[in-house]
Structure formats: structure tokens, C-alpha cells
Amino acid sequence: MSMSQLPSIDDQLVTADNPPRTDLSDGMDHARCAALHNYLVEYCRAADGRLDPAAEGSCTTYFSTHGDAAEAVRPRLHPSVAAFLAAARTPDAPLFYFVAGMPDPDGGDFNGLFDNETADIEDEPKDSIVRLYFSHMDACGGKSGGGMLYHQGRHLASFFVHPDDTERAFPVDEHSQNWHFFETILSNWIALIRLGKVVASPTDDPALYGSVKIGNWEWRPYGDGQIAGCVAAWDRLCGVTEVRRRQSSGATVGDEDNHPNEPLLTPAAMNAAGIPDPSSVRTFLGLARRPPHIRQIALGLSLPPAHGATFAAAQPFTHLPRRVPQWDGTTREGIVPPVYIFFSEEGTPQVDTSGLRSSFRYYWEDGHGKVPDGITFPSSVPPGAYSECVIRSEPEATEEAFRLPLPFNLYGARLSSGDEMMNRAADELFQHGFKPFGGDPNRPQRLERLLDHWASLVERGVWSVGPHGVQGSIEVFKDSTVDWASYAIPSSW
């Protein structure tokens with residue numbers, strides 16, 4: 001039985017039209033959560049060709065697997081959590097990219113079903129924190145002890161890569177944005193599968209780019225679905241900006257469009273700049289339409305110049321080598337360099353890249369914090385929006401992401417997680433921080449989310465629009481230190 005023959009789970013997925021149950025008087029929506037969990041179990045088995053519809057009724061569940069040990073802890077479980085575990089099939093392979101499996105009933109505070117160590121540290125009632133899944137070290141930077149924590153009093157869940165991350169979600173009332181309905185997180189994982197960001201294949205098959213596989217699962221750097229989503233977000237941003245432009249009293253630019261299908265950049269311009277082919281940013285820049293009357297797309301940021309030589313001359317990173325010798329004699333290979341996408345105004349102060357606050361410098365270092373001789377890494381770069389630098393074989397490579405280095409501090413601004421920026425890097429604005437759906441807190445935000453968020457800022461009137469697009473200099477980004485909620489993108493994957 002192939003994955004395409006799996007029973008539909010669409011009626012259980014959390015969507016805008018099918019939201020989670022908000023009446024928590026009965027606790028977890030256990031039937032829905034068990035259906036989503038079991039779908040992931042079946043998906044793994046189908047990927048390995050091990051799905052047997054005839055054995056449907058004989059599948060073991062958490063309680064049948066652990067027998068008396070599980071029954072002994074049943075009184076400590078909320079009835080809805082017990083009902084979930086009674087229906088949840090025991091995975092015989094990693095359930096998802098971040099998940100190694102389900103804990104034993106009596107495995108101890110950091111390996112068992114109950115995490116009373118965390119409950120005690122965070123002043124939560126005994127037995128209130130249940131670990132439904134434990135994390136997979138290979139997908140979590142070699143860290144152990146993390147997993148999906150479920151709060152039996154509040155009936156909300158959050159995924160932690162490492163136990164130390166609990167400070168990002170406790171006290172619960174102060175970190176409500178980092179707690180979600182369990183079915184929302186499971187639906188989010190299934191959405192990643194459907195998008196093609198996380199892909200399942202037979203366990204013994206190699207990953208596409210040689211990256212780590214977690215059982216059946218591999219994390220793809222990017223895919224067609226993400227490109228399509230990014231282009232759609234670009235269209236929304238251009239659309240709402242054009243509406244505001246026409247409404248503004250100063251919109252005197254003509255409305256005729258003589259180049260309706262002109263892309264942001266032509267293949268010739270991208271070749272001149274050395275943009276890798278194929279790559280996420282190249283595909284986006286070739287598909288996204290250049291708006292005829294909009295020059296400034298965000299605060300102090302303009303469209304990339306269409307002239308190939310001008311665009312290429314402004315690129316700080318694409319001329320750098322894609323292979324970097326390491327101190328131990330090995331070589332870092334396959335670097336996909338950042339591309340300068342949205343340009344700051346001429347004369348804007350540069351961003352220092354020489355110190356620890358540079359997110360890109362790491363890729364051209366030798367493993368001991370030094371750029372090897374013969375590589376001229378820029379000491380400063382213009383502020384603006386850049387595509388993410390990746391090596392596709394690395395865990396959680398996110399080629400469709402962005403960085404927004406800015407030439408000033410933003411103390412007081414916040415990440416999606418609600419955590420205050422600590423000015424560790426020059427490009428933290430609009431980034432994630434702690435990820436309650438799972439993943440490395442340092443994994444950058446997707447360009448699609450940034451463009452969608454910018455469209456929201458225009459639509460809500462937070463940003464004003466004039467005859468040539470968004471008005472205001474790059475300095476207005478400092479508003480994020482006061483009105484931080486407008487500059488924090490809501491949590492997603």
C-alpha cells in the first residue's frame with residue numbers, strides 16, 4: 001500500500017476553516033489528536049512499504065505496548081490524555097523528523113512520561129507536565145532530553161529541542177504564544193509533509209542532498225511548494241501596496257503597465273551576479289513579477305536593480321568561493337551564498353560583518369573562527385534583505401529563508417517567540433527564536449512569512465504608502481523597540 005492510498009485525514013487537520021476545539025472542559029480533543037498521530041505512524045509504514053490494512057485492528061497502542069506499567073500511571077493522567085494514549089498506536093520508527101518516539105511510563109523525569117523535574121523547577125503542579133514524545137538527537141543538534149510537553153492543566157502543548165529551552169515557555173501565562181493545542185502542532189507537521197519541506201522515503205534510501213535522515217524523514221532545503229508560496233506572498237504585498245499607492249494623494253505616477261510579465265530579475269542578470277542555478281532565491285526572483293509603479297517595497301528598501309551589471313556589482317557574497325578549507329584538513333563544500341535582494345538607499349550606514357554578530361561569516365570560516373587566507377570576506381555590507389546562506393546537506397537547511405541585517409541596535413524588539421532581542425546578531429528582526437512546533441531556535445524565518453507580514457503592515461496602515469511605494473527610511477525599523485508586536489511574525493514552522 002502506497003502513501004497515496006492512505007485514508008484521508010483532511011477532516012481532522014487544523015485549518016482556518018476547521019479550527020481546534022476551544023472548549024477545554026473535557027481536556028484534550030483526544031480522538032482528533034489520536035487520528036493525526038496514527039496518520040503519521042501509518043505514513044512511516046507506507047514509506048517503507050510495511051502498511052498492512054488487514055492488520056488494522058491488531059495495531060498496538062501505548063497502553064497495550066506497555067501493559068501493567070502504563071496501567072499503573074493511568075490514575076495520574078487526565079482522562080482525555082489517557083484516552084489519547086489508549087488510541088495512539090505505538091510507532092516502530094521515528095514518528096516525525098524531530099521525534100524519536102514515545103517515552104516509557106516509568107522512564108524518569110527526562111526520559112519518562114511525566115516530567116516532574118520541569119514541573120518542580122517551573123512551579124507547576126506535580127504530574128501536570130507530560131512528555132508525549134521525546135526528541136531525536138540527530139535532528140536536535142545532538143541535544144537530548146527534549147520533546148513534546150503537554151500541560152494537563154491547561155491542555156496545551158509545546159515542543160522543546162532541549163530541557164534548557166523550557167525557560168522560553170514558562171511561566172505559561174507569560175509565554176502564551178509558545179503553547180498550542182496538540183492537534184495544531186500535529187497538523188503543522190502534516191502540513192510540512194504536504195508542502196514537501198519534510199519528505200518520507202524508505203529508511204535505507206539516501207537523502208536527496210546527503211543530509212541526515214531521521215528514520216524515514218528528511219528535511220529538504222526548499223521545494224516547489226515553498227517557491228509558489230513565496231511568489232504568492234510577493235503578489236499580495238505588491239497588490240496591497242498598489243491599492244494604497246492609488247489611494248494616496250501623492251500618487252501621480254501613471255497607472256499603465258507596459259511590462260506586465262517582467263520578472264524581478266532576468267536570467268542574464270542573475271548569471272552576471274553568480275546566483276546558483278538551481279536555487280530557491282533564483283527561482284523566486286525569476287518568477288516574481290516586477291511591479292511597474294512601486295520602487296520602495298519596505299522601509300528604506302527598494303526593488304533590486306533590473307540592470308544586470310548594477311545588480312551584480314552590489315552583491316557582497318556571490319563572488320566568494322563555494323568551498324572553504326577547514327583547520328583539520330577537510331573542506332566545507334556546497335555553500336549556497338546569500339543574495340542581496342532588497343536594497344537599502346545609497347548612503348545608508350553599512351553593517352559590520354567582522355565580529356560575532358554576523359550570521360553569514362561562519363560559512364567562510366575555517367572551523368576555528370578565522371577566514372582562511374586567500375578569501376576576502378567583506379568587513380561590512382549594505383543593510384537590506386538577503387537570502388539565507390546554506391549548505392544543503394546540513395540539518396534544517398532553510399534555503400527559502402531571509403536575513404535582514406540592520407545598522408543599529410534594536411534592544412526592546414522581540415522575536416516571534418516573544419523573547420526580547422539580545423542584540424546577538426545584526427539580523428534578528430522578524431526572526432523566530434524558540435520554535436514551539438519543533439526545530440532549532442536559530443533556523444531563520446521564511447521569506448514568504450516576511451513578505452506576508454510586510455503586506456499586513458501596509459494593509460493595517462502601520463506603514464504609509466506614497467507614489468513610489470512604502471514611505472519611510474530604514475530608521476523607522478527602530479519602531480520595533482516600542483511597537484514590538486507589529487514587528488514580530490506570529491509563530492509557525
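The values are calculated or read from the model by the stated rules, or taken from the named source; none is laboratory data. Please read these numbers as outputs of a predicted model, since none were measured by experiment. Cβ: placed from backbone, ideal geometry, glycine included. Neighbour counts: every protein chain shown.
I want to confirm something. Restricting to the stretch 261-301 and keeping residues that are in contact with a strand residue (DSSP E or B) (Cβ under 8 Å, 6 or more places away or on another chain) and β-branched (V, I, T), which single residue is farthest from T318 (Cα to Cα)?
Residue satisfying both the conditions and the ranking: I294.
When only residues in the stretch 300-317 that are crowded, with 20+ Cβ neighbours inside 10 Å and closer than 11 Å to A272 by Cα count, which is farthest from the chain's Cα centre (by Cα)?
F311
Of the residues A100, A88, which single one is of a type in the set (G, A, S), in the same structural domain as G141 (by TED's automatic domain parsing) and out of contact with any Pro (no Cβ under 9 Å at 6 or more places or on another chain)?
Working: A100 fails: out of contact with any Pro (no Cβ under 9 Å at 6 or more places or on another chain).
When all the criteria are applied, what remains is A88.
Name every residue in the stretch 136-160 that is surrounded by fewer than 23 Cβ atoms within 10 Å (Cβ to Cβ) and either in the same structural domain as T398 (by TED's automatic domain parsing) or in contact with a Ser or Thr (Cβ under 7 Å, 6 or more places away or on another chain) (or both), in order of residue number.
Selection gives M137, H151, Q152, G153.
Without any contact (Cβ under 8 Å) to a residue 40 or more places away in the chain and either in contact with a His (Cβ under 6 Å, 6 or more places away or on another chain) or crowded, with 21+ Cβ neighbours inside 10 Å (or both), is that true of Y133?
yes
With the structure loaded, tell me whether S25 is assigned to a helix (DSSP H, G or I), not β-branched (V, I, T) and not assigned by TED's automatic domain parsing to the domain that holds E394 or whether it fails that test.
Judged against the criteria, S25 is not a match.
Which condition does L36 not pass, out of (1) crowded, with 20+ Cβ neighbours inside 10 Å; (2) touching a Pro at 6+ places or on another chain (Cβ under 8 Å), if it passes all the others?
It is condition (2) that L36 fails.
Y222 fails exactly one of the following numbered conditions: (1) at pLDDT 95 or above; (2) among the hydroxyl-bearing types (S, T, Y); (3) surrounded by fewer than 17 Cβ atoms within 10 Å (Cβ to Cβ). What is the number of that condition?
So Y222 meets the others, but not (3).
Criterion first (outside any loop (DSSP other than H, G, I, E, B), small (G, A, S), modelled with pLDDT of 95 or more and touching a helix residue (DSSP H, G or I) at 6+ places or on another chain (Cβ under 7 Å)) does G229 satisfy it?
Yes: the conditions hold for G229.
Starting from the stretch 276-303, keep only residues that are free of Cβ contacts under 8 Å to residues at least 24 places away in the same chain, then list their pairs with residues that are surrounded by fewer than 21 Cβ atoms within 10 Å (Cβ to Cβ) and not in a helix (DSSP H, G or I) whose Cβ atoms are within a distance under 6 Å, requiring at least 6 positions of separation or different chains.
Pairs found: G286/P263.
How many residues does the stretch 289-331 hold that are part of a loop (DSSP other than H, G, I, E, B) and in contact with a Cys (Cβ under 8 Å, 6 or more places away or on another chain)?
Final tally of qualifying residues: 3.
Please go through the stretch 93-130 and give me each residue that is without any contact (Cβ under 8 Å) to a residue 24 or more places away in the chain and within 27 Å of Y39 (Cβ to Cβ), ordered by number.
G107, G112, I129
Only residues that are of a type outside the set (D, E, K, R), surrounded by 14 or more Cβ atoms within 10 Å (Cβ to Cβ) and in a helix (DSSP H, G or I): list them for the stretch 68-78, please.
Passing the criteria: A69, A70, V73.
Among the residues of the stretch 135-150, count how many are over 17 Å from A83 (Cβ atoms) and more than 20 Å from the chain's Cα centre (by Cα).
Residues meeting the conditions: 2.
What is the number of the single condition among (1) more than 25 Å from the chain's Cα centre (by Cα); (2) of a type outside the set (D, E); (3) more than 19 Å from H151 (Cα to Cα) that V14 does not meet?
Every listed condition holds for V14 apart from (1).
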